[in-house]
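Trainee: What follows is a structure written as structure tokens; I'll ask about it next.
Read the figures in this text as sums done on the coordinates, not as results from a lab. Computed from a predicted model, the values in this text were never measured in an experiment. With ideal geometry, Cβ positions are generated from the backbone for all residues, glycine too; neighbour counts draw on all protein chains shown.
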Amino acid sequence: MTDELKKNAPDQAAGSVTPSSLGAAEDQARAFALGLSAALNVAGLLAAPRLLAKAMRTKKEAPTGEALSAVLENASTAFRSSGDATGLVASLSELRDRLLTWEGRSPAPAPIVEAARGVLRALDVEEPEEGWDRWEGPAEEQTAPPARQMPRILRAEPMTIEAWLAFDGPGELCEGVLVEAKTSTALEDAVAAWFFTVLRAWALPRGGVVCGRGHKLAVSTVSGRKPDVCVYMPNDPSAETGAPSTPTLVLEVVSANPADQRRARLTTSREYGALGVRWYWLVDALNRTLEVLELGSGGRYIVFLAAIDGTMSQVGPEGLAIDLDALWAAVAPMGL
């Protein structure tokens, strides 16, 4: 996407977020995404003569130029509302006007083909190595679908943190939107259960409370998470201010799913750091690793230690020891 589009895309990070502003930003982002998809699909089809011919052979009824022109008009409207994307809007307008008199046959006239390539250039889409004239579209071989990079939205309507805390249903709250919680395997479930048992045995005699999966942690006024394990210890500094208690330690079992990796290592890392969680543990069940992160200056975590086996007697909170050999032996029946 061009720098111009990036500059004009909706930015929800600036300023305060309210349900009304979040809803408006969502609508704008949705329209922007639909417009971008429409522009790419129509221009990509018309820019490659072989792809157009191939598409028309497989469709019972070819789209008319008037129909495609209407789609591009909606895309132009979305881009105009997102900012001054002048070059792209002008390219879309030229292609839209040329399509009004097209009868929807293959091959498309040269002026339409060139106008479609102009739209793709405005979107920073590079010409295929074999050239547009020889490109026949993506390969038809069956390949595995790309891993999902973002959590699925469970409810489009904005939700407050108070509503989420009272909500008796699945999902986490991310910037006021209810999204799908991370996925897990039987092995990852077993690892989380083992740590819950060990951490509870350490915390209870010391007056602590340990919560497992399903526990809701409000990490900000607009976001809430469900960590695998939360450890609350007495004399939490936040309790003196009357604020909700902040966990001393949060543990997440890292999934192999790229979206869950991003959640654990980027998103929640920032959220837990901003909340003031001193210890953040990341356990990779598949690769047999334990990473102990300690909160440093500026709300950022630094690696305190990382291990794959043995007994770790200095893993953060005083008196806490973790026998990794016992962990891997305990979960071995789950497929490790």
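Trainee: Note down the nm distance, to one decimal, between modelled labels 7 Å out along Cα→Cβ at residue 308 and at residue 332.
Mentor: 1.7
Trainee: Let me ask something additional. On a full-extension model of 0.36 nm per residue, what is the gain between residue 156 and residue 41, subtracting their alpha-carbon distance, rounded to one decimal in nm?
Mentor: Net length gain for the segment: 38.9 nm.
Trainee: I need the Debye-formula profile for region 160-252: one equal scatterer per C-alpha, no solvent, reported as log10 I(q)/I(0) at q = 0.16 1/Å, two decimals.
Mentor: Computed log10 I(q)/I(0) values: -0.72.
Trainee: A further question follows. Is the C-alpha gyration tensor of region 210-336 telling us rounded, prolate or oblate? Criteria: a/c under 1.5 is rounded; beyond that, a/b larger than b/c is prolate, otherwise oblate.
Mentor: prolate
Trainee: Contact order normalised by length for region 208-336, with contacts defined as Cα pairs under 8 Å and 6 or more residues apart; what percent is it?
Mentor: Taking the mean separation of contacting Cα pairs over the length of region 208-336, I get 14 percent.
Trainee: To continue, here is another question. Return the long-range amide H neighbours of residue 289 (sequence gap of 5 or more, or a different chain), with a cut-off of under 5 Å between placed amide H atoms.
Mentor: 284
Trainee: Now for a separate question. Go ahead and run the numbers for FRET between residue 189 and residue 110, Cβ-Cβ distance against an R0 of 51 Å, rounding to 0.05.
Mentor: Efficiency for this residue pair is about 0.30.
Trainee: Stretch residue 100-residue 265 to full length: gain in nm at 0.36 nm per residue minus the Cα-Cα span?
Mentor: Value of the extension gain: 54.4 nm.
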